[in-house]
Protein chains: 2
Amino acid sequence: MTEATAHTMSKNRYAEADIAAVYRAIYERRDMRHFLPDPVAPELLSRLLMAAHHAPSVGFMQPWRFIRISCPDLRQSIHALVDQERICTAKALNEREEAFMRLKVEGILECPIILVAALCAQREQHIFGRRTLPEMDLASLACAIQNMWLAARAEGLGLGWVSMFEPEALKQLLNMPSDSQPIAILCLGHVADFYDKPMLEQEQWAARQDINAYLFENTWESPCR
Amino acid sequence: MTEATAHTMSKNRYAEADIAAVYRAIYERRDMRHFLPDPVAPELLSRLLMAAHHAPSVGFMQPWRFIRISCPDLRQSIHALVDQERICTAKALNEREEAFMRLKVEGILECPIILVAALCAQREQHIFGRRTLPEMDLASLACAIQNMWLAARAEGLGLGWVSMFEPEALKQLLNMPSDSQPIAILCLGHVADFYDKPMLEQEQWAARQDINAYLFENTWESPCR
């Protein structure tokens, strides 16, 4: 390595404390289902939405849309929709039905802010990076939500992603066009505490796997040296 | 707000410098296509993969798999696949064909590390959060890649997400099972400079939209107050 290269490499690297802060947010982010009722400052919400808006997007298409739910009746209807799907999911889980029904899977009625995150309409005009993989728009929206999630964690706010709903029913509730798609009901708010571990790990629903089992080299399921 | 609540809210919030570091990574992350050939330290790559592995996943299913491409012939074949799709994309773009062909859309032959990010096989057994939205596994993988992207930016490393390929052809190259799915060819490495703006914005391919046009309240396309 030349001296010039070494200089370039170190100039692009953040200070150690800043690198540690980024990893801290990554490791301490949780999918929250318990919230405090205290309001979220509007400028804080704006910062989180702006963080989402600076996610990568395929062909720079920025497919994300956020619908804030401020109407209490609408919140109730959304909760009812999620609860209906919760029962259907429980039944589909067969022998795990009871264990599933004991889990808290959403905090829709408690959190101060509900946002529905959706993919925009008329996405078929965006071909760049999507000709063979049209689902890349969803990947972009997920990156936007992850940005918001990490920024929220740093700001001390909890966020929960609920995907337990019938998308067509939610579209109807929000007057969404047929070619748009709701992807997430996001619950946002202050929390008493962040879970020490992912809630599903804490509740022994599933365990974190050894990453080495997920890393391959050149061909599927070959161990990575 | 009670004093106890105010205390809780401030204890969960990171120090201002740490919050700023998280936002800095979010705002300075770029989809890179230009790389330096210098090797990436193995422990740095491990940290990035571990950051990915700590992404949220629907029902804690951890659907991500990463295939490192160390074989030079395989890298060439992957490049050929991407280049083939680049031509197909250009043709599909009609009047924008020429402008598209002038863009650099990947750095596969230059970057020191290539990872193919994929969804695992046998995902139909995971019903939690996916009964009505099976595509949530892709959302989880995208969150994992975004974690890696932000951590890489903080560490001074560039990452580029290439989605221009025929997935069935890539599956064949990597001996992937039919029910797995390659989602991204990730190019990773040191860079001389990060782009000031997203490359597609710099090249005037597309402009960043006003976020206010993307925020609605209670119903689709209603302005959010």
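The values are calculated or read from the model by the stated rules, or taken from the named source; none is laboratory data. Since the structure is predicted, the reported quantities are computational estimates derived from the model, not experimental observations. For neighbour counting, all protein chains shown are included, and Cβ atoms are generated from backbone atoms with ideal geometry for every residue, glycine included.
Within the option set B:Arg123, B:Arg86, B:Arg68, being surrounded by 14 or more Cβ atoms within 10 Å (Cβ to Cβ), more than 7 Å from chain A (Cβ to nearest Cβ) and closer than 19 Å to B:Asn175 by Cβ holds for one residue only, B:Arg123.
I'd like to check which helices (runs of 4 or more DSSP H) are fully inside segment B:40-118 and have at least 2 residues that are of a type in the set (Val, Ile, Thr).
Working: elements: B:42-53, B:72-92, B:97-101.
Filter on segment B:40-118 gives B:72-92.
Among the conditions (1) of a type in the set (Asp, Glu); (2) in contact (Cβ under 8 Å) with a residue 12 or more places away in the chain; (3) surrounded by fewer than 17 Cβ atoms within 10 Å (Cβ to Cβ), A:Glu97 misses just one, which is (2).
Contact annotation: residue pairs with Cβ atoms under 6 Å, 6 or more positions apart or on different chains, pairing a residue in segment A:152-170 that is more than 27 Å from A:Pro42 (Cα to Cα) with a partner that is modelled with pLDDT of 95 or more and in a loop (DSSP other than H, G, I, E, B), are A:Met164/B:Gly129; A:Glu166/B:Thr132. All conditions but one from (1) more than 22 Å from B:Leu173 (Cβ to Cβ); (2) free of Cβ contacts under 8 Å to residues at least 60 places away in the same chain; (3) not aliphatic (A, V, I, L, M) apply to B:Pro56; the one that does not is (2). Based on what the data block shows, is A:Ala21 surrounded by 14 or more Cβ atoms within 10 Å (Cβ to Cβ), within 7 Å of another protein chain (Cβ to nearest Cβ), part of a helix (DSSP H, G or I) and out of contact with any strand residue (DSSP E or B) (no Cβ under 6 Å at 6 or more places or on another chain)? Against the criterion (surrounded by 14 or more Cβ atoms within 10 Å (Cβ to Cβ), within 7 Å of another protein chain (Cβ to nearest Cβ), part of a helix (DSSP H, G or I) and out of contact with any strand residue (DSSP E or B) (no Cβ under 6 Å at 6 or more places or on another chain)), A:Ala21 qualifies.
Any residue at all in segment A:46-58 that's more than 8 Å from chain B (Cβ to nearest Cβ) and surrounded by fewer than 19 Cβ atoms within 10 Å (Cβ to Cβ)?
Among the residues of segment A:46-58, at least one is more than 8 Å from chain B (Cβ to nearest Cβ) and surrounded by fewer than 19 Cβ atoms within 10 Å (Cβ to Cβ), which makes the answer yes.
Only one of the numbered conditions (1) surrounded by fewer than 19 Cβ atoms within 10 Å (Cβ to Cβ); (2) more than 17 Å from the chain's Cα centre (by Cα); (3) within 7 Å of chain B (Cβ to nearest Cβ); (4) not hydrophobic (A, V, I, L, M, F, W, C) is violated by A:Pro39, and that is (3).
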